[in-house]
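Here the structure comes first, spelled out in structure tokens, and everything after it is commentary.
The values are calculated or read from the model by the stated rules, or taken from the named source; none is laboratory data. It should be emphasised that the depicted structure is a prediction, and the values quoted were computed from it without experimental measurement. Here the Cβ positions follow ideal geometry from the backbone for every residue, glycine too, while neighbour counts run over all protein chains shown. Calculation scope for accessible area: heavy atoms of the full protein, side chains included, ligands and nucleic acids excluded. Shrake-Rupley method; radii C 1.70, N 1.55, O 1.52, S 1.80 Å.
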Amino acid sequence: MKLLWLQAAGCGGCTQSLLGAESRAGVLAQFADSGLDLLWHPGLSEACGDEARAILQAAADGRLPFDILCVEGALLRGPNGSGRFQILSGSGRPLIDWVCELAARAAYVLAIGTCSAYGGIVSGGENITDACGLQFDGDQEGGLLGTDFRSGAGLPVINVAGCPTHPGWIVDTLLSLALGALRAADLDAWQRPRFYTEQLVHHGCPRNEFYEFKASAQ
Ligand code: SF4
């Protein structure tokens, strides 16, 4: 599966979190081993400037097929709905326009982190940038893409929420998609994968075994 990653209005902390994923060879090698081909990421790919924009344009036009769109950071709709508070560098076009075009081409759309899922900290206070999430505006359904949005595979936006989101949740969600094992019924009312929202963080902690076996530090 081919994967595109965009960063909207956020702190980049969710990407930093991803890089901390438990993986012997590194998370990007794990992606490759799992059949996930990272076409472009603004912070992890070599391509930048014209080269990067060419990749995004080809993906938006349908000349470069891809499967998964990951969006990190809130979507800025201001001022006055123009989206011009955040322009994709060198393109002259609001990032929200790119997101809408690419989302329409993707089999799966993932909101990486609470900003992208619900607006998060970026939409706090007076929210003068009119920030929102991909399919939620705070606790209200809608957001940038609207309530009725469904990706090519028929799913709503998959909200891998958390601030920052846990690297294991990103990796497990992507690997579930690569296996064809994530369906709409596997999402909770907030469109988050149930595999991490229906258990305590404590139980999902990779260090929980130390607790279970009472292997405490002295
Ligand atoms: S969800 Fe939190 S960590 Fe992720 S981009 Fe937003 S502010 Fe940063």
Completion exercise
By residue number, the members of segment 157-181 that are open to solvent by less than 20 Å² (accessible area, probe 1.4 Å) and either more than 16 Å from the ligand (Cβ to nearest atom) or hydroxyl-bearing (Ser, Thr, Tyr) (or both) are Thr165, Thr173, Leu174, Leu177
Practice task
Check Thr114, Thr147 and return the single one that is exposed (fewer than 15 other Cβ atoms within 10 Å of the Cβ) and either in contact with a helix residue (DSSP H, G or I) (Cβ under 7 Å, 6 or more places away or on another chain) or more than 18 Å from Leu76 (Cβ to Cβ) (or both).
Solution key: Thr147
Completion exercise
Across (1) of a type in the set (D, E, K, R); (2) within 15 Å of the ligand (Cβ to nearest atom); (3) surrounded by fewer than 20 Cβ atoms within 10 Å (Cβ to Cβ), Arg192 clears everything bar (3)
Fill in the blank from the handout: Counting only residues in segment 80-92 that are touching a residue at least 24 places away in the same chain (Cβ under 8 Å) and open to solvent by less than 50 Å² (accessible area, probe 1.4 Å), the one nearest to Asn127 (Cα to Cα) is identified as Gln86
Exercise for the section: Please verify whether segment 71-78 includes one or more residues that are touching an Asp or Glu at 6+ places or on another chain (Cβ under 7 Å), open to solvent by 10 Å² or more (accessible area, probe 1.4 Å) and at negative phi. Expected result: yes
Handout entry: Candidate set from segment 183-199 (those that are in a loop (DSSP other than H, G, I, E, B) and not basic (Lys, Arg)); member that is nearest to the chain's Cα centre (by Cα)
Key = Gln191
Practice task
State whether the residues of segment 7-20 include one that is within 20 Å of Ala106 (Cα to Cα), touching a residue at least 24 places away in the same chain (Cβ under 8 Å) and either open to solvent by less than 20 Å² (accessible area, probe 1.4 Å) or in contact with a Phe, Trp or Tyr (Cβ under 6 Å, 6 or more places away or on another chain) (or both).
Solution key: yes
Completion exercise
Note on Ala215: of the conditions (1) part of a loop (DSSP other than H, G, I, E, B); (2) surrounded by 12 or more Cβ atoms within 10 Å (Cβ to Cβ), unmet is (2)
